[in-house]
Amino acid sequence: KLENCRMRKGWGIEMTFNIVCMSGDGIGPEIIAEAKRVLNKVAEKYGHSITYKDILMGGASIDVYGEPLTDEAIEIAKTSDAVLLGSIGGNAAISPWYRISPELRPEAGLLKLRKSLNLFANLRPAYLYEELQEACPLRENVISDGFDMVIVRELTGGLYFGERSTNEMNGMITATDTLSYSEKEIRRIAVKGFETAMKRKKKVTSVDKVNVLDSSRLWRKVVEEVAMDYPEVTLEHMIVDNCAMQLIKNPKQFDVILTENMFGDILSDEASMITGSIGMLPSASLNDTKFGVYEPSGGSAPDIAGKGIANPIATILSAAMMLRYSLGLEKEAEAVEAAVKQILKEGYRTVDIMPQDKSRCSFFKQVGTKDMGRLITEYI
Ligand code: IPM
Ligand code: MG
C-alpha cells in the first residue's frame, strides 16, 4: 500500500483508501449511510483518509442503465481498495425489476459482481452477543454458553454458476441446473477455511451431501488432502441435512463451517436467525488478493425501506471486516466492533432486536437506523 501513503505534517504517514459504495435498493441507502458515518469517524480518529465513489447496482442500476451492474461499474470497482455493498432487489410480486429476463434482474448483478471479481470466498460470521440472548429463538439451555462460528461459503461455483436451461419437448417443460466443481475450486476455498480456522478454535466442519452427489465426493476428497497441511486443525465432515439440524440442536459445536455455494447460502440464513436477527450479520467476499466486497448478509427488506427503522449493525460490522481484511486496519476494526457491543450493552435496540418481553422494555431503548449509527459513531 505504499502508493497509498503520503506524509502528513506532524502526523507521520496517512493512508488514503478508495472505497466503492454500492448502496443498491430497499434499505441499502439507509444502512450504507450509517456505515459511511462510522468509517468517517474511524478515518478522523486514526488519521486516515477515505474517499468514496458511489455506483449504481441492482434495481437502481436497472432503472438507469437497463441492467443491474454495468461493465464500467465493475472496472471502477476493480480499481478500488474494497467495495461496500448495501442490498439489492425488491418485492418480486410487484416490482418491475422482476418482469424482465432473469439475467437482467437485480440478483444477476450480484452474481456478475462475484464472478467478475473472482470473489470465491464468502465469510459469514455468526456470533451470539451476550446482550442479544433474548432475541435468539432457541431455548436458553441450548445457547447458555453462546456460540461463535463462521461460515466459509464457496461463492463462484456450483449450482448458481452452472449451465441452466428450460426446454419444452412434446408439450412437457423440463428445467435443468448443473452443479459442478473442479478440484482447483474446492482446494482454494478449503485452504481459506483452514486458514480461517487457524486464527480461531482450529476446527473445520466440512459440509457436503456425500451420500448422493458426485461433486460432494470430490469435495470431501480434496478437503481431506488440504487438511494434511493443517495438522493442528480438527476436521470433521457433516452431511448438509444433519448440519441444518445440528445448528438448531447444538450451535456451540461449530467453529468454521466450510461448504459449497448453495449449502452455504441456506445454512448462513439459518445461522443468522439463531443470532437473533439477520440485521446483525456482516459478510466479506474475498478473492486471492486483499480486495473484497463487504455487505450485510440480509436482503433489501423492501417492506421497511424508507421508514428509518432498519438495523444498520450488519453493514457497520461489514465495514469493520473491510477495515480488517482489505485495508489491514486491525485496531480500527476492533474499535468498531467494541462500539457495537457497548451500544448494545447500554440497551439501545432497533426494532428487530427489541425484546418481546414487554416487562423488560423499560431498560431497552428503541432507536431508528440513524440514531443507531450515530450512537456507535459517537462511542468510537
Ligand atoms: C446471499 C443471497 C444471494 C445468494 C442471492 C440474492 C443471489 O441470498 O448473498 O446469500 O444466493 O448468494
Ligand atoms: Mg442468501
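The values are calculated or read from the model by the stated rules, or taken from the named source; none is laboratory data. Everything numeric in this text was worked out from a predicted model, so none of it was measured. Cβ placement follows ideal geometry from the backbone for every residue including glycine, while neighbour counts extend to all protein chains displayed.
List of remarks:
- Restricted to the stretch 139-221, the set of strands (runs of 3 or more DSSP E) holding at least 1 residues that are surrounded by fewer than 21 Cβ atoms within 10 Å (Cβ to Cβ) and among the acidic types (Asp, Glu) comprises 148-154, 164-169, 172-177.
- Selection status of SER61, in contact with a Leu (Cβ under 9 Å, 6 or more places away or on another chain) and in contact (Cβ under 8 Å) with a residue 40 or more places away in the chain: yes
- Top-ranked residue in the stretch 245-266 [being within 13 Å of ligand 2 (Cβ to nearest atom) and surrounded by fewer than 23 Cβ atoms within 10 Å (Cβ to Cβ); ranked as nearest to GLY157 (Cα to Cα)]: MET262
- Members of the stretch 271-285 that are in contact with a Lys or Arg (Cβ under 9 Å, 6 or more places away or on another chain), in a helix (DSSP H, G or I) and modelled with pLDDT of 90 or more: ALA271
- Among residues of the stretch 289-313 being over 27 Å from GLU131 (Cα atoms) and assigned to a loop (DSSP other than H, G, I, E, B), the one that is farthest from the chain's Cα centre (by Cα) is GLY306.
- Residues satisfying the criterion are absent from the stretch 30-53 (criterion: more than 22 Å from ALA333 (Cα to Cα), without any contact (Cβ under 8 Å) to a residue 40 or more places away in the chain, charged (D, E, K, R) and surrounded by fewer than 16 Cβ atoms within 10 Å (Cβ to Cβ)).
- Strands (runs of 3 or more DSSP E) enclosed by the stretch 1-110 - at least 3 residues per element that are at pLDDT below 95: 5-8, 12-24
- Residues located in the stretch 91-122, provided they are within 12 Å of ligand 1 (Cβ to nearest atom) and either surrounded by 18 or more Cβ atoms within 10 Å (Cβ to Cβ) or among the acidic types (Asp, Glu) (or both): ARG105, PRO106, GLU107, ALA108, GLY109, LEU110, LYS112, LEU113, ARG114, LEU119, ASN122
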